[in-house]
1. Which residues, counting only those in region 68-87, are among the hydrophobic types (A, V, I, L, M, F, W, C) and either in contact with a His (Cβ under 7 Å, 6 or more places away or on another chain) or free of Cβ contacts under 8 Å to residues at least 12 places away in the same chain (or both)?
2. Please count how many residues of region 6-40 are out of contact with any strand residue (DSSP E or B) (no Cβ under 7 Å at 6 or more places or on another chain), within 27 Å of Glu97 (Cβ to Cβ) and not aliphatic (A, V, I, L, M).
3. Cβ-Cβ below 8 Å, separation at least six or inter-chain, first residue in region 1-21 and closer than 23 Å to Val90 by Cβ, second modelled with pLDDT of 85 or more and surrounded by 10 or more Cβ atoms within 10 Å (Cβ to Cβ): which pairs?
4. Please work out which one of (1) in contact (Cβ under 8 Å) with a residue 12 or more places away in the chain; (2) more than 12 Å from the chain's Cα centre (by Cα) is the condition Ala65 fails and give its number.
5. Which of the residues belonging to region 42-62 are free of Cβ contacts under 8 Å to residues at least 24 places away in the same chain and β-branched (Val, Ile, Thr)?
6. Restricted to region 23-62, and to residues that are buried (at least 21 other Cβ atoms within 10 Å of the Cβ) and out of contact with any helix residue (DSSP H, G or I) (no Cβ under 8 Å at 6 or more places or on another chain), which residue is nearest to Pro86 (Cα to Cα)?
Amino acid sequence: MVTAETAVVLPVLLLVLAAVVAAVVVVGAQLRCVDAAREGARAAARGDAPDAVRALVARVAPDGARTEVAVGDGGVRVTVRAEVSPLGPVDLGVDVEATAVARLEPGVAGG
């Protein structure tokens, strides 16, 4: 009797474990996007070149992330987008995105 119950419950426990692992991977990628966007906005507000900002963001962001840097109206906006596959080889992609905004430092062109 106990063996039959274990055989029924074990697959459910594995699915719950897979869901928890996937959630942790997605949340981790979202946090990396937030950190990358924030670092990029700080660098762009200091007056760093857009290519330098993208290189900085690429070091912090998840692999394959796309970065947009927009400067204007006395501020800068950096958006980082990435597609995360939380279950590895399973074809399930989750899009995560973060945007950070900062005012340009005094003396920076465009501010």
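The values are calculated or read from the model by the stated rules, or taken from the named source; none is laboratory data. Please read all numbers here as calculations on a predicted model, not as lab measurements. Positions of Cβ are generated from backbone atoms using ideal geometry, with glycine treated the same way; all protein chains shown enter the neighbour counts.
1. The first filter runs over region 68-87 and keeps only residues among the hydrophobic types (A, V, I, L, M, F, W, C), leaving 69-71, 76, 78, 80, 82, 84, 87.
Hit for region 68-87 is Ala70, nothing else.
2. Of the residues in region 6-40, 4 are out of contact with any strand residue (DSSP E or B) (no Cβ under 7 Å at 6 or more places or on another chain), within 27 Å of Glu97 (Cβ to Cβ) and not aliphatic (A, V, I, L, M).
3. Listed by first residue and then by second, the contacts come to Val21/Pro86.
4. The failed condition is (2).
5. Keep residues of region 42-62 that are free of Cβ contacts under 8 Å to residues at least 24 places away in the same chain, which gives 43, 48-52, 54-59.
Correct list: Val57 only.
6. Ala29
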